[in-house]
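Peer 1: One structure follows; several queries about it will come next.
The values are calculated or read from the model by the stated rules, or taken from the named source; none is laboratory data. All values reported here derive from a predicted model rather than from experimental measurement. Glycine also receives a Cβ, built like all others from the backbone with ideal geometry; neighbour counts cover every protein chain displayed. Keep in mind that these areas ignore ligands, DNA and RNA; they rest on the heavy atoms of the full protein, side chains included. Shrake-Rupley method; radii C 1.70, N 1.55, O 1.52, S 1.80 Å.
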Amino acid sequence: MKKVAAFFHNKEVLNRILFTLAIFFVFRIGSAITVPGVTLEQDIFSDTTNAFSLLNMMGGGALQNFSLLALGVSPYITSSIIIQLLSMDVLPALTQMTKEGETGRKRLNVVTRILSVVLAAVQAYGIIVALSNSDGISLDDTSAWGYTKVIVFMTAGSMMLNWLGDQITDKGIGNGISMLIFAGIISSLPAQIMDAFTSFLGDRVAQGDASLILEGTVQIVLYFIAFLAIIVFVTFIERSVRKLPVSHSNTSQNTELSSQQSSFLPIKVNASSVMPVIFASSIMVAPSIIISLFNTTDSTPRWAQIVMDVFNYQALTPLTDDFAFPFGTIIYAILIILFSYFYAQLQINPERIAENFQTSGTYITGIKPGMETERYVSRVLNRITFMGSMALTFIALLPVILSLTGAVPTSLSLGGTGLIIVVGVALEVSNQIAGILAGHGYAESEL
């Protein structure tokens, strides 16, 4: 309650929150405006096991309305992944930019934006063709110019959303891109809760059987307990840190003796936060959208159906009439683990830590400065990242596994991924607000 009260006493925090809410309002308005020249034919999002349903959830229903913001921020996320991978000694020009400090970061951001425009145009075309083939939408003008206009509208909407995200980062609360995804998922949660009540209690209440109603009530209670357990577990993982004891040596000019001050270097168990889940979801969606170009209402090529099944982490891939295997679930889990390690190395660079420690006269207690410190930090980071990635994968896949086994309806299987993102972003925002408040408190005490 004290932190909530502090919001209203701190003008900077209050302005940042109000600005972020204003951007959310613009985002929701844009998500409801259908692209000009497009007519919605039928709802194909009732099947929540396809790639479009995941994009629709993360965009807060923007794709279902085929709105100006239907692409969301997925093109920018995909381009960020590509640029970051190419910057790891793959393209020397990009690698050099990463070493040029703030100037290099700005140049790298420009390259990322240009690539995101290209990817947005390609993804827009793929979604238009795929939804047209599925009778989800129809274009008023099916000429090349008609397609071009719709692609331009959708690409411009995605770029506008990226700009809104930048404004949140600069003037609002939290990371802008993550906050927009957060807003999209939050807006879809009420519909998912209604789906849960309908799935567990709808038919039973209609039948009027007391025993069936009691059974449905128990199921809905267990469902919300599972939601609460996921929230608690995500919070626990996000708050968990490994503290490495650090000593600071301050040598006086008049004596060779050194005074030592001890502190800790905290390394988060889940240093990459929710980014591995966002990245993995984007990668899983991409092949399905590309393959959907070959999917028509009349026939679907066998190879296309197999690829779509393999990259669908919410469904089993049928191998024979009597046997199916969760290829998609396994690929999704592997991607989360790989991105956890990848992003953890970006967030915590053992080589840079070792260099900074050696320059400032700081060292990890019991570890020699230099290469030994770098190897030690790298070893600790890899070990705790393994734990964090396993926990993240478990949380993301638990609802999916429960749906595949029939324990919960398939329509509710998106809850795990959504909750991880929502809780992770909420904790990041809470930490940022706490930091601002602490900074103002320190400034006031100095005055």
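Peer 1: Please specify each residue of the range 308-330 satisfying the condition of being closer than 12 Å to VAL400 by Cβ and in a helix (DSSP H, G or I).
Peer 2: Residues satisfying the conditions are GLY328, THR329, ILE330.
Peer 1: Hey, another quick one. Of all residues being outside any helix (DSSP H, G or I) and within 17 Å of the chain's Cα centre (by Cα) in the range 158-184, which is farthest from SER79 (Cα to Cα)? Just the residue, please. Show your work before the answer.
Peer 2: Initial filter on the range 158-184 (outside any helix (DSSP H, G or I)): 172-175.
When the remaining residues are screened for being within 17 Å of the chain's Cα centre (by Cα), the result is 173-175.
Working: ILE173: 24, GLY174: 21, ASN175: 17 Å.
Among those residues, the one meeting the criterion is ILE173.
Peer 1: To continue, here is another question. Restricting to the range 138-162, name every residue that is without any contact (Cβ under 8 Å) to a residue 40 or more places away in the chain, surrounded by fewer than 16 Cβ atoms within 10 Å (Cβ to Cβ) and in contact with a helix residue (DSSP H, G or I) (Cβ under 9 Å, 6 or more places away or on another chain).
Peer 2: Of the residues in the range 138-162, the ones without any contact (Cβ under 8 Å) to a residue 40 or more places away in the chain are 142-145, 147-148, 151-152.
Retained after the next criterion (residues that are surrounded by fewer than 16 Cβ atoms within 10 Å (Cβ to Cβ)): 142-145, 148, 152.
THR142, VAL152 - these are the residues of the range 138-162 that are without any contact (Cβ under 8 Å) to a residue 40 or more places away in the chain, surrounded by fewer than 16 Cβ atoms within 10 Å (Cβ to Cβ) and in contact with a helix residue (DSSP H, G or I) (Cβ under 9 Å, 6 or more places away or on another chain).
Peer 1: Another question, then. Please verify whether LEU86 is more than 18 Å from SER282 (Cα to Cα) and within 24 Å of the chain's Cα centre (by Cα), treating the condition exactly as stated.
Peer 2: On the way: more than 18 Å from SER282 (Cα to Cα): no; within 24 Å of the chain's Cα centre (by Cα): yes.
Against the criterion (more than 18 Å from SER282 (Cα to Cα) and within 24 Å of the chain's Cα centre (by Cα)), LEU86 does not qualify.
Peer 1: Need pairs with beta-carbon distance below 8 Å; first residue over 25 Å from MET275 (Cβ atoms) and within the range 344-361, second open to solvent by less than 50 Å² (accessible area, probe 1.4 Å) and modelled with pLDDT of 80 or more; sequence gap 6+ or separate chains.
Peer 2: From residues that are over 25 Å from MET275 (Cβ atoms), the pairs are PHE357/VAL246; PHE357/ILE364; PHE357/THR373; GLN358/GLY370; GLN358/THR373.
Peer 1: When you look at GLN96, is it of a type outside the set (Ser, Thr, Tyr) and under 26 Å from PRO36 (Cβ atoms), yes or no?
Peer 2: No, not satisfied.
Peer 1: Can you tell me how many residues within the range 371-387 are of a type in the set (Ser, Thr, Tyr) and surrounded by fewer than 17 Cβ atoms within 10 Å (Cβ to Cβ)? I'd like the intermediate steps shown before the answer.
Peer 2: Residues of the range 371-387 that are of a type in the set (Ser, Thr, Tyr), as a first pass: 373, 376, 378, 385.
So of that shortlist, the ones also surrounded by fewer than 17 Cβ atoms within 10 Å (Cβ to Cβ) come out as none.
Result for the range 371-387: 0.
Peer 1: Can you spot a residue in the range 280-301 that is over 21 Å from ALA124 (Cβ atoms), at pLDDT 70 or above, crowded, with 20+ Cβ neighbours inside 10 Å and of a type in the set (A, V, I, L, M)?
Peer 2: Within the range 280-301 (the criterion being over 21 Å from ALA124 (Cβ atoms), at pLDDT 70 or above, crowded, with 20+ Cβ neighbours inside 10 Å and of a type in the set (A, V, I, L, M)), the answer is yes, since at least one residue qualifies.
Peer 1: Of all residues being within 24 Å of ASN15 (Cα to Cα) and small (Gly, Ala, Ser) in the range 171-199, which is most open to solvent (accessible area, probe 1.4 Å)? Just the residue, please. Write out each step before concluding.
Peer 2: First pass over the range 171-199, keeping only residues within 24 Å of ASN15 (Cα to Cα): 171-187.
With the extra rule that they be small (Gly, Ala, Ser), the set shrinks to 172, 174, 176, 178, 183-184, 187.
Values: GLY172: 0, GLY174: 11, GLY176: 0, SER178: 7, ALA183: 12, GLY184: 0, SER187: 47 Å².
Residue satisfying both the conditions and the ranking: SER187.
Peer 1: Further question on the same structure: Give the residue that is nearest to GLY37 (Cα to Cα), with candidates limited to residues of the range 99-130 that are open to solvent by less than 60 Å² (accessible area, probe 1.4 Å) and at pLDDT below 80.
Peer 2: ALA130
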